[in-house]
1. Output the residues belonging to the stretch 72-102 that are without any contact (Cβ under 8 Å) to a residue 40 or more places away in the chain, in contact with a strand residue (DSSP E or B) (Cβ under 9 Å, 6 or more places away or on another chain) and not acidic (D, E).
2. Considering every residue within the stretch 58-71, establish whether at least one is touching a strand residue (DSSP E or B) at 6+ places or on another chain (Cβ under 8 Å), on the phi < 0 side of the Ramachandran plot and hydroxyl-bearing (S, T, Y).
3. Within the bounds of the stretch 107-116, is there any residue that is closer than 17 Å to F10 by Cβ and modelled with pLDDT under 90?
4. Take the conditions free of Cβ contacts under 8 Å to residues at least 60 places away in the same chain and of a type outside the set (A, V, I, L, M, F, W, C) and apply them to R112. Does it pass?
5. List pairs: first in the stretch 128-147 and on the phi > 0 side of the Ramachandran plot, second assigned to a strand (DSSP E or B) and surrounded by 12 or more Cβ atoms within 10 Å (Cβ to Cβ), Cβ under 8 Å, 6+ apart or cross-chain?
6. Within the stretch 91-147, count every residue that is aromatic (F, W, Y) and assigned to a helix (DSSP H, G or I).
7. Being of a type outside the set (V, I, T) and within 17 Å of the chain's Cα centre (by Cα) is the filter here, so list the residues in the stretch 121-147 that pass it.
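The values are calculated or read from the model by the stated rules, or taken from the named source; none is laboratory data. Since the structure is predicted, the reported quantities are computational estimates derived from the model, not experimental observations. Positions of Cβ are backbone-derived with ideal geometry, glycine not excepted, and every protein chain shown enters the neighbour counts.
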Amino acid sequence: MKNTYENAVFRLNNATSSLNDDNEQMTEVRQLVNEFIIAMDDDFNAANGITIVYELAKWMNRYIEQDVVSYAVLRFALDHFLELVAIFGIVFEENLADEQIEQLIVKRNQARKNKDFARSDEIRDQLKEQGIILEDTPQGTRWRRQS
């Protein structure tokens with residue numbers, strides 16, 4: 001499960017803003033979450049619940065392997081995955097490595113250069129969610145971890 005989590009977080013950094021209809025993938029995730037709720041409502045059937053968590057992990061692993069991954073879909077799946085595993089006391093820290101932060105800053109700067117301000121803002125917001133503060137200076141973009 002930890003590998004699924006780490007791979008999903010890494011892949012989020014390379015995901016795209018999707019203009020496509022992501023409803024099918026979102027529905028698949030919702031269906032697994034609903035199955036989990038039904039299992040847990042059945043006298044707290046943890047065995048079935050954890051089986052469904054593994055099914056969600058398998059779904060995420062298959063999704064991550066695709067050439068094009070929607071940020072919205074993967075974020076949706078990851079948020080639900082984290083919510084479900086937390087019920088069993090499993091908590092992951094979602095920290096970006098310095099290299100990942102630098103890669104995202106390069107992508108953000110390229111988006112700004114191309115006047116794709118929506119993508120630039122999306123990357124800034126993504127970093128902010130991770131506790132990364134960006135400072136744009138005449139010398140370039142500097143970053144620091146929020147304390």
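1. Across the stretch 72-102, the qualifying residue is only N95.
2. Yes: the stretch 58-71 contains one or more residues that are touching a strand residue (DSSP E or B) at 6+ places or on another chain (Cβ under 8 Å), on the phi < 0 side of the Ramachandran plot and hydroxyl-bearing (S, T, Y).
3. No; the residues of the stretch 107-116 include none that is closer than 17 Å to F10 by Cβ and modelled with pLDDT under 90.
4. Yes, satisfied.
5. From residues that are on the phi > 0 side of the Ramachandran plot, the pairs are G131/R145.
6. So the answer is 1.
7. D121, E122, R124, D125, Q126, L127, K128, E129, Q130, G131
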